[in-house]
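We did not get these values from a lab; they are worked out from the coordinates using the rules stated. No experiment lies behind these values; they were computed from the predicted model shown. All Cβ positions, even for glycine, are placed from backbone atoms using ideal geometry, and neighbour counts span all protein chains on display.
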Amino acid sequence: MQFDAVKFASAAFKRREEDVPVPDLRDWFKGLKEGEKPVWRVRGLTGEELARVNEASARNRNKNAVIDALNSDTSEKVTDAIRELIGTGSSVPDDLARRIELLTMGSVAPECPHQVAVKLAEAFPVEFYELTTKITTLTGLGSEPGKPRRSSGSPASRSPSNSAT
């Protein structure tokens, strides 16, 4: 059996998306109707995004090393201020740093800035882990083949790019 590289290269793909129920976050979803359940839409990541997520652990260790070095020559108040400035109130486990990055990149609706991901991990750790586990699962499944691109036609008739650029 031979892999058809030409067909693969010309195929259009879209990242997988899925809604994750988050009933405990209902109070923070505006406009829900009676009986409507809150959901957080997440998606699988691209290879480049996954590499950035995996680098989050290294960035986390680097931040902690800088803080520890500064701590040896400064007061505790200054060290705490520096920790807050760079976004870590205390030493953050590498897995948590990685999952925060997963959630910020893999959230579709609502979008999830870094500070919201940190707060969600702190206040609702079960939901945070469910969301990041779903993003990991969708990433592992890969993209779904979409409609094939036309070999000719106007640029408007082509599928939009899903690249991270």
Summed residue charge, Cβ within 12 Å of T46's Cβ, Lys/Arg positive, Asp/Glu negative: +3
Rounded FRET efficiency, nearest 0.05, which uses the C-beta distance separating F8 from Y129 and R0 of 41 Å: 0.75
E48 paired with D94, simple spin-label distance in nm, labels 7 Å along Cα-to-beta-carbon: 2.6 nm
Nearest-0.05 FRET efficiency for R59 and K119, computed from C-beta distance (R0 25 Å): 0.80
Extended-chain gain in nm, criterion 0.36 nm per residue less alpha-carbon gap, F29 and E111: 28.3 nm
Fully extended contour minus Cα-Cα distance, from E144 to E17, at 0.36 nm per residue: 44.7 nm
